[in-house]
Amino acid sequence: MFSRIFSHHRALSACTRSLGTRHAPNVPSRSFPITGSRSISSKTSQSNEHGKSSNKAKKDIASVEEDPFNAPTYNIPEKPVTFVEGASYSVVILAGLGIAAAAGYAVFKELIFQPKEYKIYSKALKRIQDDGQVRVRIGSPITGYGQESRNRAARQRIPHRVWTDEEGVEHVEVNFYIRGPHGHGKVFSEMFKGPADNEWKFTYLIVEIRAPSTAQLILESYIPSYNATK
C-alpha cells in the first residue's frame, strides 16, 4: 500500500515538473520581446523622419542658391558704361546747366539792368504825374500799366519798339495806360539817346484822356535844330 502511495506521489511530482517546464519559458516570450521591437521600430521611424527633414532642408537651400532670380541683387555685375552713353550723359548735363545759366542771366538782367523800354516808361510816367493838366482831368495819384488786362504779367509788359535811324541814333517807342481817381487814358511816347551827352530825350509825349471826357495833350515835342550848312 505504501509503495502505491509513493509511486503515485512520484508520478504527481513528475507531472508537476513537466507542466512547469512547459509554461515557464512562454511568459518572457510573450511580454519582453514585443516591447523591445516596438521601441526599436519607433526609434527607427524617428531617425527616418529626421533624415527626411534634413534632406528636405538641404534641397531647399540648394534650390535657393541655384535659382538666379532669388539671388541677392548685389551679386549681379554692373553693366559697364560705354563711351556713347557717357558722352550722351555729359551732353544732357551740359544742356541743363546752360538752360539754368540762361535763366539766371535773364533774371539777373531783369533785376539789375533795367531794359530800355522800362526806362522810357518810367520817365514818361514821371513826366505825366508832374503835369498839372493831366492831374486836373483824371486826378492824383496817377498809376501806369502796360495793357488793359487782369493778368499781372500782361499789365507789367510794356509794348515797345526799338529802332536806329540813319545817323545811328537809337530810338525807343512805348505806349501804355494811365489811371487816376477820376478817369483814365492812354500814353504814346518816344525817346532817343542824344549823341552828344548820351542822355535820353523826348521826341514826343502825347496823352489821350478817355474818361471822364476825351482830350489830347501834347506834353513833349522835339524839334531838331536846323543846320543851314548841311
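Looking at segment 115-153, which of its residues are closer than 19 Å to His182 by Cα, open to solvent by less than 50 Å² (accessible area, probe 1.4 Å) and in a helix (DSSP H, G or I)?
The answer is Leu125, Ile128, Gly132, Val134, Ile138.
Of the residues that make up segment 204-220, is at least one farther than 23 Å from Gly146 by Cα and touching a strand residue (DSSP E or B) at 6+ places or on another chain (Cβ under 9 Å)?
Residues of segment 204-220 farther than 23 Å from Gly146 by Cα: none.
Scanning segment 204-220, I find no residue that is farther than 23 Å from Gly146 by Cα and touching a strand residue (DSSP E or B) at 6+ places or on another chain (Cβ under 9 Å), so the answer is no.
Assess whether Ile138 counts as being touching a Pro at 6+ places or on another chain (Cβ under 8 Å) and in contact (Cβ under 8 Å) with a residue 60 or more places away in the chain. Break it down into steps so the answer makes sense when it comes.
Working: touching a Pro at 6+ places or on another chain (Cβ under 8 Å): yes; in contact (Cβ under 8 Å) with a residue 60 or more places away in the chain: yes.
For Ile138, the condition - touching a Pro at 6+ places or on another chain (Cβ under 8 Å) and in contact (Cβ under 8 Å) with a residue 60 or more places away in the chain - is met.
Of all residues in segment 175-202 being among the polar types (S, T, N, Q) and in contact with a strand residue (DSSP E or B) (Cβ under 9 Å, 6 or more places away or on another chain), which is farthest from Gln147 (Cα to Cα)? Don't jump to the end; show me each part of the working.
First pass over segment 175-202, keeping only residues among the polar types (S, T, N, Q): 175, 189, 198.
Next cut, in contact with a strand residue (DSSP E or B) (Cβ under 9 Å, 6 or more places away or on another chain) only: 175, 189.
On the way: Asn175: 9, Ser189: 15 Å.
Once the filter is applied, the top-ranked residue is Ser189.
The values are calculated or read from the model by the stated rules, or taken from the named source; none is laboratory data. Since this is a predicted model, take the numbers as computed values, not measurements. Positions of Cβ are backbone-derived with ideal geometry, glycine not excepted, and every protein chain shown enters the neighbour counts. Heads up: the accessible areas ignore ligands, DNA and RNA and are worked out on the full protein's heavy atoms, side chains in. Shrake-Rupley method; radii C 1.70, N 1.55, O 1.52, S 1.80 Å.
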